[in-house]
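Structure first, commentary second.
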Amino acid sequence: MGYGSFRGGVHPFRGKGITKEKAISEYLPQGELVYPLSQHIGAPAKAAVAVGDEVLAGQILGEADGFISAGVISSVSGHVRSIERRMLADGVISDSVIVENDREYRPAPGIGKLRDPKEMTKEEIRTAIKNAGIVGLGGAGFPTHVKLTPGDDGAIDYVIVNAVECEPYLTGNYRLMLEDPEGILKGLQVILRLFEKAKGVIAIEDDKPEAVRRMKAAAEEHRVQKASIEVCALKTKYPQGAERNLIFSITGRKLNSKKLPKDAGCIVCNAATVHAVGQAVCEGQPLMSRVITVTGDGIANPGNFLVRVGTSCRELIEAAGGFTCEPKKVIAGGPMMGMALTVPDVPVTKTSSALLVFQKDPVAQVKKGSCIRCGRCVKVCPCRLAPLKMWQACKHYNYELFQKLYGMECYECGSCTYVCSARLPLTQSFKQARMMISGIRAKAGKEAGETG
Amino acid sequence: MRELWNVSSSPHVRAWDGTRNLMLDVVLALMPAAAFGIYRFGIYSLCVLVTAVGFALLTEYTYEACVGKESTLWDGSALVTGLLLGMNLPPFVPLWIPMLGSIFAILAVKQLFGGIGQNVVNPAMAARCFLLISFADQMNRYSGADGMSGATPLEILKNGGTADTAAMFTGFTTGSIGEISTLALLAGGIYLLVKRVIDWVIPIVYLGTFALFIVLFGGRGADPGYLAAQLCGGGLMIGAWFMATDYTTSPVTEKGRVLYALFLGILTGIFRLWGASAGGVSYAIVTADLLVPLIEKITIPKPFGWEGQKDG
């Protein structure tokens, strides 16, 4: 078993108090909906509709194209206005299906059909998840049906529900645990049916005792039904929810970047993803909406919203009462790993977890100094790297040295930049180096493939 | 036109404390010992401290202005260097000693190597060694005009005498301005530990190794009086808590810090027992600082998930 924690990590201001007590409220979109065909890891989906087509809520707009890909589902009924390129929150421009909402939400045939997972084969369960267009809702967006097909089902002994939510300000998973613990357990039961030897673990940070209590109570009922489910309260620190660290905290097993969770006998899914799996398999509801936290000191009525995928972030901001004043910074996602937005005209995608609006940008006022070798970055790095040495390598564009220092192990959590005494943009330079190196490697691989 | 939103790469938050906060914490932690020194030796020792600090700041400012570098006067590092150097000087040195020492520390040891974070050895310690070698006479004169006792406890010990350990602990003894009161230095050290400016590894391993070395080779076995006098005497306490923990010149790796402190303990023991002078902390620290790049190279940890594996 694990230790409930890992070496390293930081304690940024949590900021969760703003929306912790705000119940999830549903928001129905008013304007057009934008469905990027690439809002997951892997090949973009192939458009399955044409301009002018009538679409229904739950209908497939984009088909998964290839093994690692995911379908895109319409979250409203209406008609396809156009298929064009649109910018997403992370700055990527993706082909997108634009749907004019008729506000009737007429469901596609077969949507809402109740099913009993106990009477479904593994194949049927996986197909149902695939058809529902579910991807990792925590932010990575890895197609869930692929994750749940590790090859050898018997080799998996832990199914971990990641409800850690270690990013500051985010409360979506927390509210989901309080308001629908049954829904999460239903999803977990479905996944456990795929892995007969596995034990279910729900991982929560220990500063959310109410969530731990609710999930424990719900799990207790399932235990009566002989399911092996445990609720694990982990030490509160960032990045406790990072996959490799989470697996270590729970099982004591260590993985490096070249391994997958399945190599340690684990499957890790975000709580929202597990919830979506339950909805898709048991209730025939594909992934049409998700919970998003809209918060920060620049928003009038912060809260947690159940939002249809495709809704414009601009609408969402208005739904939360609009800005209190002209904001300085708006972030899609959490403050540690999220993306700063230039404009609010980006759609909510499957992986959007939060929209943070701040009156001030503390980073803009930061003045960069020189490294004093205080070693705090080394101390907090959850990958046990030496960021200050990697920084030197990046500064001289010495990517060979960067790789020698295991720079490719970095998963860009931002802890080193957070603690840096000299306020150096460490993570930022690592991102650049990692992107360059990945590019070089991909090119080399391609050339090797062509000649060999 | 509407103001544009700020864009930057994540993370979008920073810890509140930066270099300046850390440096000011060190200054604050040094205050009890500095104040006690002034109380013990009088107003002249304050002049020594002020001169050391003043010239450290002046050198930093002048050099950076001359070469057109952005001024780092306000990061507090020159303040710490000046203060540490002043506190490591005998109380009645002529004022040109701290002047020269500070100029040497900032100019030769720090700035010529590239400024903050780039120096190879601790500037204050290097400057003290420089002064000790060049001006042995002035640097070893601990008696003042008021007829205060001349020999330091360590000199008495070295010549076979016994020292009043209680006086050495509280600080009613002879020595450099800031090194005499073990109590005040410990208070500062504990403050730095509590504020997490330093971690316990270097001071504790250093003091522990040194104590063990003295027990083994000091010729008096585990004589508690002798051991206590060795621990409280000279620059050991200020060295262990404030100099050896200097960020720039100590290893950043956990194992490296242990190794570095072990070296320090052994070197200090060797210099104290068999060296020419009674002290030895300054030389030990400067020597160990030179080993830091090597220590770091061999102690850099394997990343998470790579332990025990060869391939990168």
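The values are calculated or read from the model by the stated rules, or taken from the named source; none is laboratory data. This is a predicted model, so every value here is computed, not measured. Cβ atoms come from the backbone with ideal geometry, glycine included; neighbour counts cover every protein chain shown. Remember, those area values only see protein heavy atoms, side chains included, never the ligands or the DNA or RNA. Shrake-Rupley method; radii C 1.70, N 1.55, O 1.52, S 1.80 Å.
When A:Cys381 is tested against the conditions (1) within 27 Å of the chain's Cα centre (by Cα); (2) closer than 23 Å to A:Arg441 by Cβ; (3) surrounded by fewer than 24 Cβ atoms within 10 Å (Cβ to Cβ); (4) not basic (Lys, Arg), the lone failure is (3). Looking at region A:1-108, the strands (runs of 3 or more DSSP E) lying wholly inside it that each contain 3 or more residues that are closer than 30 Å to A:Ile202 by Cβ sit at A:24-27.
Can you report the number of residues in region A:96-124 which are touching a His at 6+ places or on another chain (Cβ under 6 Å) and closer than 16 Å to A:Ser289 by Cβ?
Initial filter on region A:96-124 (touching a His at 6+ places or on another chain (Cβ under 6 Å)): A:100.
Cutting the leftovers down to closer than 16 Å to A:Ser289 by Cβ gives us none.
Summing the residues that are touching a His at 6+ places or on another chain (Cβ under 6 Å) and closer than 16 Å to A:Ser289 by Cβ in region A:96-124 gives 0.
Yes or no, residue by residue, for (1) part of a loop (DSSP other than H, G, I, E, B); (2) closer than 24 Å to B:Lys158 by Cα; (3) touching a helix residue (DSSP H, G or I) at 6+ places or on another chain (Cβ under 9 Å):
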{"position": "B:Ile238", "(1), (2), (3)": "no, yes, yes"}
{"position": "B:Phe242", "(1), (2), (3)": "no, no, yes"}
{"position": "B:Tyr247", "(1), (2), (3)": "yes, no, yes"}
{"position": "B:Arg257", "(1), (2), (3)": "no, no, yes"}
{"position": "B:Gly269", "(1), (2), (3)": "no, yes, yes"}
{"position": "B:Val286", "(1), (2), (3)": "no, yes, yes"}
{"position": "B:Glu307", "(1), (2), (3)": "yes, no, no"}
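For B:Trp5, indicate whether it is within 14 Å of chain A (Cβ to nearest Cβ) and part of a loop (DSSP other than H, G, I, E, B). Lay out the reasoning, then the answer.
Numbers: within 14 Å of chain A (Cβ to nearest Cβ): yes; part of a loop (DSSP other than H, G, I, E, B): yes.
So B:Trp5 passes the test.
Among what's in region A:301-334 and is small (Gly, Ala, Ser) and more than 23 Å from the chain's Cα centre (by Cα), pick the residue that is nearest to the other protein chains (Cβ to nearest Cβ).
Here the answer is A:Gly322.
Here the condition is being touching a Pro at 6+ places or on another chain (Cβ under 7 Å) and of a type outside the set (A, V, I, L, M, F, W, C); of A:Ser75, A:Ser38, A:Ser82, it holds for A:Ser38 alone. Screening region A:226-320 for helices (runs of 4 or more DSSP H) wholly inside it with 3 or more residues that are open to solvent by less than 20 Å² (accessible area, probe 1.4 Å) and within 25 Å of A:Gly200 (Cβ to Cβ) returns the ranges A:243-251, A:271-283. Would you pick out the residues in region B:8-50 that are polar (S, T, N, Q) and either more than 9 Å from chain A (Cβ to nearest Cβ) or not in a loop (DSSP other than H, G, I, E, B) (or both)? Answer for region B:8-50, where residues must be polar (S, T, N, Q) and either more than 9 Å from chain A (Cβ to nearest Cβ) or not in a loop (DSSP other than H, G, I, E, B) (or both): B:Thr19, B:Asn21, B:Ser45. Inspection of region B:59-71 identifies at least one residue that is within 14 Å of chain A (Cβ to nearest Cβ), among the basic types (Lys, Arg) and in a loop (DSSP other than H, G, I, E, B). If only residues of region A:353-363 that are touching a Lys or Arg at 6+ places or on another chain (Cβ under 7 Å) and of a type outside the set (A, V, I, L, M, F, W, C) are counted, the one that is farthest from the other protein chains (Cβ to nearest Cβ) is A:Gln359.
Only residues that are touching a residue at least 12 places away in the same chain (Cβ under 8 Å) and not in a loop (DSSP other than H, G, I, E, B) were counted in region A:418-433, giving 9.
The residues on offer are A:Ala50, A:Ala57, and the sole one that is more than 28 Å from A:Val330 (Cα to Cα), surrounded by 16 or more Cβ atoms within 10 Å (Cβ to Cβ) and away from every other protein chain (no Cβ under 14 Å) is A:Ala57.
Inside region A:364-381, can you point out the residues that are facing chain B (nearest Cβ under 7 Å) and farther than 28 Å from B:Lys69 by Cα? Working first, answer last.
Applying the first criterion (facing chain B (nearest Cβ under 7 Å)) to region A:364-381 yields A:364, A:366, A:369-375, A:378.
Correct list: A:Val378 only.
Answer with yes or no whether A:Phe6 is under 27 Å from A:Leu356 (Cβ atoms), open to solvent by 20 Å² or more (accessible area, probe 1.4 Å), of a type in the set (Phe, Trp, Tyr) and within 14 Å of another protein chain (Cβ to nearest Cβ). Give the steps one after another, and end with the answer.
Details: under 27 Å from A:Leu356 (Cβ atoms): yes; open to solvent by 20 Å² or more (accessible area, probe 1.4 Å): no; of a type in the set (Phe, Trp, Tyr): yes; within 14 Å of another protein chain (Cβ to nearest Cβ): yes.
No; evaluated as a whole, the condition is false for this residue.
Could you say whether any residue in region B:90-99 is in contact with a Gly (Cβ under 9 Å, 6 or more places away or on another chain), away from every other protein chain (no Cβ under 14 Å) and closer than 18 Å to B:Thr245 by Cβ? So far as region B:90-99 goes, no, none of its residues is in contact with a Gly (Cβ under 9 Å, 6 or more places away or on another chain), away from every other protein chain (no Cβ under 14 Å) and closer than 18 Å to B:Thr245 by Cβ. Scanning region A:384-394 for residues that are at the interface with chain B (Cβ under 7 Å from one of its Cβ atoms), without any contact (Cβ under 8 Å) to a residue 60 or more places away in the chain and either basic (Lys, Arg) or part of a loop (DSSP other than H, G, I, E, B) (or both) yields A:Leu385, A:Ala386.
Take A:Pro335 and decide whether it is buried (at least 24 other Cβ atoms within 10 Å of the Cβ), in contact with a His (Cβ under 9 Å, 6 or more places away or on another chain) and of a type outside the set (D, E, K, R).
For A:Pro335, the condition - buried (at least 24 other Cβ atoms within 10 Å of the Cβ), in contact with a His (Cβ under 9 Å, 6 or more places away or on another chain) and of a type outside the set (D, E, K, R) - is met.
Here A:Gly445 passes the criteria (1) assigned to a helix (DSSP H, G or I); (2) within 9 Å of chain B (Cβ to nearest Cβ); (3) more than 18 Å from A:Val10 (Cα to Cα) except the one numbered (2).
Within region B:225-264, being surrounded by fewer than 24 Cβ atoms within 10 Å (Cβ to Cβ), within 17 Å of the chain's Cα centre (by Cα) and more than 14 Å from chain A (Cβ to nearest Cβ) holds for B:Leu231, B:Leu262, B:Phe263.
Which residue, of A:Ile73, A:Ile83, A:Ile68, is open to solvent by 40 Å² or more (accessible area, probe 1.4 Å), at negative phi and within 20 Å of the chain's Cα centre (by Cα)? Spell out how you get there, then give the answer.
Numbers: A:Ile73 fails: open to solvent by 40 Å² or more (accessible area, probe 1.4 Å); A:Ile83 fails: within 20 Å of the chain's Cα centre (by Cα).
Among A:Ile73, A:Ile83, A:Ile68, only A:Ile68 is open to solvent by 40 Å² or more (accessible area, probe 1.4 Å), at negative phi and within 20 Å of the chain's Cα centre (by Cα).
Count of region B:176-190 residues, restricted to those that are buried (at least 18 other Cβ atoms within 10 Å of the Cβ) and in contact (Cβ under 8 Å) with a residue 60 or more places away in the chain, is 10.
Restricting attention to region B:191-224, the residues being open to solvent by less than 50 Å² (accessible area, probe 1.4 Å) and either small (Gly, Ala, Ser) or more than 19 Å from B:Arg272 (Cβ to Cβ) (or both) number 9.
Can you spot a residue in region B:179-196 that is farther than 24 Å from B:Thr81 by Cβ and charged (D, E, K, R)? Spell out how you get there, then give the answer.
We begin by selecting, within region B:179-196, every residue farther than 24 Å from B:Thr81 by Cβ; these are B:183.
Filter again for charged (D, E, K, R), leaving none.
No, region B:179-196 has no match at all.
When region A:407-422 is limited to residues that are out of contact with any helix residue (DSSP H, G or I) (no Cβ under 7 Å at 6 or more places or on another chain) and open to solvent by less than 40 Å² (accessible area, probe 1.4 Å), the one that is farthest from the other protein chains (Cβ to nearest Cβ) turns out to be A:Cys413.
Against the condition of a type in the set (Val, Ile, Thr), open to solvent by 10 Å² or more (accessible area, probe 1.4 Å), more than 16 Å from B:Thr249 (Cα to Cα) and in a helix (DSSP H, G or I), how does B:Ile97 come out, does it pass? If you could, list the steps in order and put the result at the bottom.
Values: of a type in the set (Val, Ile, Thr): yes; open to solvent by 10 Å² or more (accessible area, probe 1.4 Å): no; more than 16 Å from B:Thr249 (Cα to Cα): yes; in a helix (DSSP H, G or I): yes.
Judged against the criteria, B:Ile97 is not a match.
Taking residues in region B:105-120 that are part of a helix (DSSP H, G or I), and partners anywhere that are charged (D, E, K, R) and open to solvent by less than 10 Å² (accessible area, probe 1.4 Å), the pairs with Cβ atoms closer than 7 Å and at least 6 places apart or on different chains are B:Ile106/B:Glu60. Taken together, the criteria place A:Ile129 among residues that are buried (at least 24 other Cβ atoms within 10 Å of the Cβ), over 30 Å from A:Val330 (Cα atoms) and either touching a residue at least 12 places away in the same chain (Cβ under 8 Å) or of a type in the set (Gly, Ala, Ser) (or both).
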